[in-house]
Amino acid sequence: MGLMDFVKGGVRELAIARPDSAKGMLVYKHPDPTIPNKAQLTVGTDEVALFFKDGQFVGQIGPGRHTLESSNIMFLNQIVDKFTGGNVFKAEVWFITVREVAGFKFGGRIGDVEDPKSGLAIGVMVHGEYSLQATDPTQVISFFGQRSWANDEEFVGWFRQLLLKTIRDRIAKLLVTKQLPLLNITSGALTEEIEAEVIEGLKPHMQSYGMRVVRLGNFVVSIKEEDEQTLKSMYKDAAQIRMAGGLSGFQQLAAGKAMMGAGEGMARGDGGGGGGGPMLAGAGLGMGMAMANMFSQASRPAEAPAAPAPAAAPAAPSLQDRLKKLKMLKEEGLIDDQEYAAKRAEILKDV
């Protein structure tokens, strides 16, 4: 070993600090437990240095440059190596970042949740980013188990799983307690409310680790495109049932659609729509009536059986009611401006 190598080695022993390559880590452990007396400890403005001996916390030092000698820092008397005549301290030194650290990614499937508006169980996915902050550095080290870590992946991976579980629970809570349609959740309109719910729900789980999730970023709740189209179609059919005046009105609407489909098929010369003819039209009408009955039963509270009443022809909805329900469809986003104008003109023909 040359003279310069010896000098450089001595400088490294006397200067204890987090290296530049570890600046982005939440937790960094100094590799050498042997610390010379009067070594220079440098602690960054956004971190603290913790000292442990035989698995027990001894003390901590805040930001700044410090000369490690027992006359200046009293707890160092507990880690003096007596075999060296007091010239060496024996301890593990951990550097803990206490500022908010962002950029941790999460994502995955959070399971099937029931859409309260349609009753369907839909697979929901979520992805985004989150930030972590150490609130109690000594508890952070307890979680690490005083092992030497090459990176934070296992550490933050555990919190990622906690995050996904809490998101699933909180979204289910919003759907059940507030009866929010699932499409409202995936639209992004409730992102801030969901974020607040998730962060609040994480607090009791994170406290025992001395950590907290500060905020979520690029937070997106999503479902498959085909599931989204299914829900939109069911929402639209349900709204049309209401606009048509209930089940009987929907039956007339479905019958009209079936006849229009058959007429278009005959005009094309395929016998009424792709080779199915009246049989497929009837099947489509039957499915429409069955779905209408499902929505009708779901939206109607249970009633005690009533005595049979004489059959009477259902009263047709008034012009004002039809216009009002059409306007409601437009306001709910179930039909666009062009559809609204066309249907309104069709209704006004009856005047």
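Each value in this text was obtained by applying a stated rule to the coordinates, not by laboratory testing. Owing to the predicted nature of the structure, the values given are computational and were not obtained by experimental measurement. Every residue, glycine as well, gets a Cβ built from its backbone with ideal geometry; the counts of neighbours run over all protein chains shown.
Kindly list the residues of the range 90-127 that lie in the label zone of THR45, defined by a backbone N under 15 Å from the point 7 Å along the Cα-to-C-beta vector.
From the range 90-127, the list is 98-100.
Amide H of THR135: which non-local residues (sequence gap of 5 or more, or other chain) have their own amide H closer than 5 Å, using H built in the peptide plane?
Sorted by chain and number, the residues that satisfy this are MET211, ARG212.
Provide the gained length on full extension for the span LYS23 to LYS349, in nm with one decimal, where the gain is 0.36 nm per separating residue minus the Cα-Cα distance.
Numbers: separation 326, 0.36 × 326 = 117.36 nm, distance 7.33 nm.
Gain on stretching LYS23 to LYS349: 110.0 nm.
Enumerate the amide H contacts of ALA39 below 5 Å, restricted to partners 5 or more residues apart or on another chain; note that Pro and chain-start residues carry no placed amide H.
Counting only residues 5 or more places away or on other chains, the set is LEU68.
Can you work out the FRET efficiency for the pair ALA341 and GLU200, with r the C-beta to C-beta distance and R0 = 30 Å, to the nearest 0.05?
On the way: r = 45 Å, r/R0 = 1.51.
After rounding to 0.05, the efficiency reads 0.10.
Once phi is turned into θ = phi - 60°, what whole-Hz ³J(HN,Hα) does the Karplus curve with 6.51, -1.76 and 1.60 give for every residue of the range 209-219, x standing for Gly and Pro?
Along the range 209-219, the couplings run 9, x, 10, 8, 8, 7, 7, 10, x, 6, 7 Hz.
Sort the following peptides by mean Cβ neighbour count (other Cβ atoms within 10 Å, averaged over residues), highest first: 319-329, 334-344, 132-142, 203-213. Working shown, then result.
Details: 319-329: 14.9, 334-344: 13.4, 132-142: 18.5, 203-213: 16.5.
Going by the mean number of other Cβ atoms within 10 Å, highest first, we get 132-142, 203-213, 319-329, 334-344.
Let me have the relative contact order for the range 74-220, percent, based on Cα pairs under 8 Å that are six or more residues apart. Intermediate values should be presented prior to the final figure.
Values: 194 pairs, mean separation 42.2, N = 147.
Relative contact order comes out at 29 percent.
Write down the Kirkwood hydrodynamic radius of the range 167-212, to one decimal in angstroms, obtained as one divided by the mean of 1/r over all alpha carbon pairs. Working shown, then result.
On the way: mean 1/r = 0.0881 Å⁻¹.
Answer for the range 167-212: a Kirkwood hydrodynamic radius of 11.4 Å.
Output ³J(HN,Hα) for the range 30-43: one whole-Hz value per residue in order, computed from phi by the Karplus curve 6.51 cos²θ - 1.76 cosθ + 1.60 with θ = phi - 60°, and x for Gly and Pro.
For the range 30-43, the Karplus curve yields 5, x, 10, x, 9, 10, x, 4, 6, 5, 9, 9, 10, 10 Hz.
Along the range 176-184, what does the Karplus equation 6.51 cos²θ - 1.76 cosθ + 1.60 (θ = phi - 60°) give for ³J(HN,Hα), rounded to whole Hz, x for Gly and Pro?
Each residue of the range 176-184 in turn: 7, 6, 9, 6, 7, x, 4, 5, 5 Hz.
Taking amide H positions as placed in the peptide plane 1.01 Å from N, state which residues far from LEU120 in sequence (5 or more) or on other chains have amide H under 5 Å from it.
The answer is ASP115.
Using the per-residue mean of other Cβ atoms lying within 10 Å as a proxy for protection, in what order, highest first, do the peptides 124-131, 73-80 fall?
Values: 124-131: 18.6, 73-80: 15.5.
Listed from highest to lowest mean packing, they are 124-131, 73-80.
Can you compute the modelled spin-label distance between LYS38 and ASP54, with each label point 7 Å from Cα toward Cβ, in nm?
2.9 nm
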